Each structure stands twice: as structure tokens, then as C-alpha cells.
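All remarks here apply to the structure that follows.
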Amino acid sequence: MLAAVTATRYVLPLREGGSLPGLVEADDLGTYVVKWRAAGQGVPVLAAEVVCGELARALALPVPALVTVDVAPDLAVGEPDQEVQELLRHSAGTNLGMDYLPGALDFSAHSADVDPELAGRVLWFDALVGNVDRSWRNPNMLFWHGRLQLIDHGAALTFHHHWPGAAAAVARPYDAAQHALVESHPDVAAADAALGPLVTRPLLERVLELVPDAWLRGPEEEPAATTRERYVVQLLARLDARPAWLPALVRAAADGSRGRSPAPRGQNRPGWLGPPPPPGVSQR
């Protein structure tokens, strides 16, 4: 199971998109960016965060620690924003927390520091899980103590929002043209050779066991164990369908995306990090 903590203080809302994640202190003295069960598209987003985050970790990709966060309904009683109070009240119970990385640098400041091997592994992984939210405009990557960190996987595994159509996603091509790492000369072929054999049924079953039952949404209120099996079967089928999507991914990685203007420094920086530091000032 994921480590479990209890929220002790609500620090502030992080006003990004419509999900309003929050910065929260917990009883283990840690600080976490929390995604709420009552926000956005609901608990499937939390399930995607766990499945993708813990699968990435098992493949030796850098992901901040994930925990479950127990939240009392009156946690934000002092928060003046009525929308935030309602969100927390409806999110009472188990939510998802990601370790807060103080002083992290936005991706655009150090994108050249990603070597082709790591870039290839991240691109391959995103294609496997169908992560559509790692674009150059919104890379969902940070640098912390000089090391890349992958964050925010809630937009991946889109098939679990409509299980009857899940089969159509198995061989779906992955559009890498706007991926934030496509210009880092990603070695996708090497990544496939290294990571493909590691994605096995036992590994996926272990990862799915980390998802709380309450976050699993299968058709017609089926048992959690059955829904877990759906994820395992879907991801194994996606892995087996590599002949349908991998060649185009390799070509896109080799070609890059020429003529693209990078986002201005700080434009793709998560709001909860605050403004970017002045040029020449390090936060490491």
C-alpha cells in the first residue's frame, strides 16, 4: 500500500486548471500537493496518478513520492474561498498527495540537461500509458537538486473514463510531435529494448494493488478486483501492440519537431512554485 498520512493543516489552494489542487501539511511533518477526490473528473484521475507514477518508479523513472492523504471535512474551515471550502468538504476521506519539492526549477530552465537515454525512456513510457499532458507548453516535469522529476499523470490512461471503448486505445498512435522531450534526441529504440521486458503481469498487478478500491471505477459497479484486472489486461495489450505505435514514435524522435519556438522562461512553470528566479540565480 501507499504510505498513508493525515492532513493537519491546509496551506493554500494551487489555482491551476479546474482541479484546484492544494498544498497541505500532514502528521508525518511532510508537505504535499494534494489532488482531491471531488475535483475535475473524479477518482479515476487519482487512480491514473498512482498507476502511472508507481509504474514509472518501478521502471526507474524519477517520480516524487506518492501517499494517500486522509482529509477531515473541516480542514479548510478558515479558507475564505467558498469554492475551496466546498471542494474540501466533498473530498473528505482518502485523497492523493505528491511530495512537495521546495525550490524545484521549471523544466524550460534546464531542458538541455535531459540526456537522450532518459528522454527516450520518458517518451516511451508516455506512449505506453497514453499521457497526453507532457507537451512543451505544459511539460509536467521539474528539476529538483539537478534531477528531472515527472509529475501530474492524471491525464493518462484515458480509456478508464469509458471502458466500453477501451479496446480502441490499444493500438492508438501516440502523437509525439509536441512532446517536451522530442528535441532531446530521445533514444526510443533503446528505451523499448530496456523497458519493454520489465512491464510484466506481476509488475502491473503489484502496481494496481496500490490503488485504493474507492478510486477504481469499472462498468456497472463491478468488484475492485475485476477492475484491476481490466487495467492489467489493457496495459499488457498496449505493450503487445508496439508494432502498431512504436515505429512512428521512433521516427518522431529521430526527426524532432523543427521550427518550434520554446515557451518563454517561466511560462510553463507550475503556479505553486511561484515566479521563476531572476536569470543566474539558482534554487538548488
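For the stretch 1-25, filtered to residues that are farther than 16 Å from I151 by Cα and out of contact with any Asp or Glu (no Cβ under 9 Å at 6 or more places or on another chain), the residue that is surrounded by the fewest Cβ atoms within 10 Å (Cβ to Cβ) is G18. If the condition is being acidic (D, E) and in contact (Cβ under 8 Å) with a residue 60 or more places away in the chain, then the stretch 102-129 contributes D106, D115, E117.
Give the residue that is surrounded by the most Cβ atoms within 10 Å (Cβ to Cβ), with candidates limited to residues of the stretch 213-245 that are outside any helix (DSSP H, G or I) and of a type in the set (D, E, K, R). It comes out as R217.
Quick one: would you say E209 is surrounded by fewer than 17 Cβ atoms within 10 Å (Cβ to Cβ), under 30 Å from V69 (Cβ atoms) and modelled with pLDDT of 95 or more? Judged against the criteria, E209 is a match.
When the strands (runs of 3 or more DSSP E) confined to the stretch 1-64 are screened for residues that are closer than 26 Å to F125 by Cα and not aromatic (F, W, Y), those reaching at least 3 such residues are found at 31-35. Six or more apart or on different chains, Cβ atoms under 7 Å: show the pairs whose first residue is in the stretch 62-81 and without any contact (Cβ under 8 Å) to a residue 60 or more places away in the chain and whose second is outside any loop (DSSP other than H, G, I, E, B) and of a type in the set (G, A, S). Going by the 7 Å Cβ cut-off, there are no qualifying pairs.
The set of residues in the stretch 82-101 that are surrounded by fewer than 16 Cβ atoms within 10 Å (Cβ to Cβ), in contact (Cβ under 8 Å) with a residue 40 or more places away in the chain and acidic (D, E) contains only E83.
The values are calculated or read from the model by the stated rules, or taken from the named source; none is laboratory data. None of these values were measured; they are calculated from a predicted model. When we count neighbours, we look across all protein chains shown, and the Cβ atoms used for this are built from the backbone with ideal geometry, even at glycine.
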